[in-house]
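Here, each number is a calculation from the coordinates, and none is a lab measurement. From a predicted model like this one, the values you see are computed outputs, not experimental measurements. Using ideal geometry, Cβ is built from the backbone for each residue, glycine included, and neighbour counts are taken over all protein chains shown.
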Amino acid sequence: MKSSIILAAGLGKRVREYSLDLPKPLIEVDGKPFIEYSINIMEALGFEEIFINVHHKSDQIISYLRKLNNPKIKISDETDCLLDTGGGVKKIIFENKLEHVFILNCDNLWKEEDTVFFREMIESFPKDATSLLALTPIDLISGYEGKGDFIFTKDDHIQRYDNTSSNSYVFNGAQIIRKEAFYDMKSSAFSINQVWDDLISKNLIKGYKFNKNVLHLGTTAALKKYDNKS
């Protein structure tokens, strides 16, 4: 697998207090912008291409990326039309004729040791699945306030969390997906959740148990809490 995507086109509504002047990917945490943590992970994993989609305050993100002078980074510009998470991935995959990609959201404070888990995830990507989601046990993810996203069923297949199971897992922002996942998605703008639900109905999506502490800083409350601890 040679290609990766960093999703950086969101509006940053959940961190509005921090993103009045900056887009969320450029908010600094411990002296580095969010997006740099994801770029460092992609570099450590050895990807030849790092596609990054942009929309909100895109001029700032594009300026930052160009200053990095990294030939691996390729910008997918959604300035004129936000395609949402699913549409953004679909655009990159089909415009660049990619078979499958590794994807990161840039809401988490990824650490160097996370590459061990990501590498194992990539190497274990099953042939009988169209997508593989990195799922963290709810008690290991900080900065998350929900009840859970998914539960595991048989042979690492997953279903949506149904509010009854005590073994809920949270999608931590990392996934692998094949181009086939988008064949039934006719719109240009749509959420990746639509793709996941379609794959769940077809039994074509599995989860990778990311059994490690994850720090999610995708909300104002989580960022404030982290700042107060730092």
Practice problem: Determine the equivalent ellipsoid of segment 122-213 by diagonalising the alpha-carbon gyration tensor, then write out the semi-axes as square roots of 5 times the eigenvalues, largest first, rounded to whole Å. | Solution: 22, 15, 13
Self-check item: Magnitude of the charge dipole, segment 74-181, Cβ model with Lys/Arg +1 and Asp/Glu -1, debye to 20
Solution: 300
Quiz item: Looking at the P(r) of segment 101-143, how many percent of alpha-carbon pairs lie beyond 14 Å?
Solution: 58
Practice problem: Taking the Cα centre of the chain as origin, work out the dipole magnitude from +1 charges on Lys and Arg Cβ and -1 charges on Asp and Glu Cβ, in debye rounded to 20. | Solution: 120
Quiz item: Nearest 20 debye, what's the magnitude of the dipole of segment 25-76 about its Cα centre given +1 on Lys and Arg Cβ and -1 on Asp and Glu Cβ?
Solution: 180
Quiz item: Among the listed pairs LYS91/LYS186; LYS111/LYS212; LYS90/LYS154; LYS32/LYS72; LYS2/LYS72, which are separated by more than 18 Å between their Cα atoms?
Solution: LYS90/LYS154; LYS32/LYS72
Self-check item: Loop GluC sites (Glu not before Pro), segment 1-103 (other Cβ atoms within 10 Å of the site Cβ: 14 or fewer; DSSP)
Solution: GLU17, GLU48, GLU99
Exercise. Of the DSSP beta bridges with both residues in the chain, give the percent that are antiparallel, rounding to the nearest 5.
Key: 45
Quiz prompt | Residue (of GLY86, HIS56, THR164) at the positive-pole extreme of the chain, dipole from beta-carbon charges | solution = HIS56
Exercise. Please give the FRET efficiency for GLU95 paired with ARG119, using the beta carbon to beta carbon distance and R0 = 30 Å, rounded to the nearest 0.05.
Key: 0.65
Exercise. Show which aspartates and glutamates lie in cross-link reach of LYS57 when reach means a straight Cα distance below 16 angstrom and same-chain residues fewer than eight apart are skipped.
Key: GLU17, ASP21, GLU28, ASP77, GLU78, ASP80, ASP84
Practice problem: Would you kindly work out the equivalent ellipsoid of the chain from its C-alpha gyration tensor and give its semi-axes, the square roots of five times the eigenvalues, largest first in whole Å? | Solution: 25, 22, 17
Self-check item: MRE, 222 nm, helices only [DSSP H, n ≥ 4, -39500 (n - 2.57), over the chain, to nearest 500]
Solution: -8500 deg cm²/dmol
Exercise. At 0.36 nm per residue, minus the direct Cα-Cα distance, what do ASP197 and ASN70 gain on full extension? Give it in nm, one decimal, please.
Key: 42.2 nm
